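Q: Quick one: the structure is below, and I'll ask about it shortly.
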Amino acid sequence: MAERILVFIENEAGAALKNLHDEVSLRHTGSVVVSRPYPYPYGFVLHTENDDGDGLDCYVLTERALCRGDIVECEPIGLMEQLEDGEQDHNVLCVLPGEPRRVDEVVRHRLTEFVSHVFDDVPGRVVQAGPFDGPEAARRLIERCRARRNDG
């Protein structure tokens, strides 16, 4: 059985709204409109801290409707490297148990297009999608971010 992680859903697929949450209490703190709708449900891996001080970002590659505030058990299947204003801000790619485990050209294109243009309306903000890596890279980053959270 593949490793399972818990993901808190902040943003629903199809919505051009970025919700903000306190990542400890999970309390909703606000929302901002973004220039593109999210292609997949998006949130963060619970009990992690990435280099930017936030939880480790995560896309759930599913067609199932997930709502803001849902906590879902997922299996990491890949990693999309990303730079935001020159800083590392990678995203874990995961699936719900039992769903297809693939990061194909359609998924890569949808995610690259989204992250490249989601902040087009924010002057000076530059977001770049990098290479896509497999499940081992995702697991290593999750472990590093769990350790950082536990050390802090």
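The values are calculated or read from the model by the stated rules, or taken from the named source; none is laboratory data. Given the structure is predicted, the values throughout are model-derived calculations rather than measurements. All Cβ positions, glycine included, derive from the backbone under ideal geometry; neighbour counts span all protein chains shown.
Q: From (1) assigned to a strand (DSSP E or B); (2) exposed (fewer than 13 other Cβ atoms within 10 Å of the Cβ); (3) of a type in the set (S, T, N, Q), pick out the condition that doesn't hold for ASN150.
A: Failing condition for ASN150: (1).
Q: Still on this model: Where the second residue is β-branched (Val, Ile, Thr) and outside any strand (DSSP E or B) and the first is surrounded by fewer than 18 Cβ atoms within 10 Å (Cβ to Cβ) and lies in the stretch 58-85, which pairs have Cβ atoms under 6 Å and are six or more apart or on separate chains?
A: Short answer, once both residue conditions are applied: ASP85/VAL126.
Q: Across the stretch 7-64, what is the number of residues that are touching a helix residue (DSSP H, G or I) at 6+ places or on another chain (Cβ under 8 Å), in a strand (DSSP E or B) and of a type in the set (A, V, I, L, M, F, W, C)?
A: Result for the stretch 7-64: 2.
Condition check ((1) touching a helix residue (DSSP H, G or I) at 6+ places or on another chain (Cβ under 6 Å); (2) farther than 25 Å from HIS47 by Cα; (3) modelled with pLDDT of 95 or more; (4) hydrophobic (A, V, I, L, M, F, W, C)) across all residues:
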position	(1), (2), (3), (4)
ASP85	no, no, no, no
GLN88	no, no, no, no
PRO100	no, yes, no, no
GLU105	no, yes, yes, no
VAL118	no, yes, no, yes
GLN128	no, yes, no, no
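Q: Residues in the stretch 7-27: is at least one surrounded by 13 or more Cβ atoms within 10 Å (Cβ to Cβ), among the hydroxyl-bearing types (Ser, Thr, Tyr) and farther than 18 Å from GLU136 by Cα?
A: no
Q: Further question on the same structure: Where the second residue is outside any strand (DSSP E or B) and the first is on the phi > 0 side of the Ramachandran plot and lies in the stretch 41-57, which pairs have Cβ atoms under 7 Å and are six or more apart or on separate chains?
A: HIS47/ARG146; HIS47/ARG149
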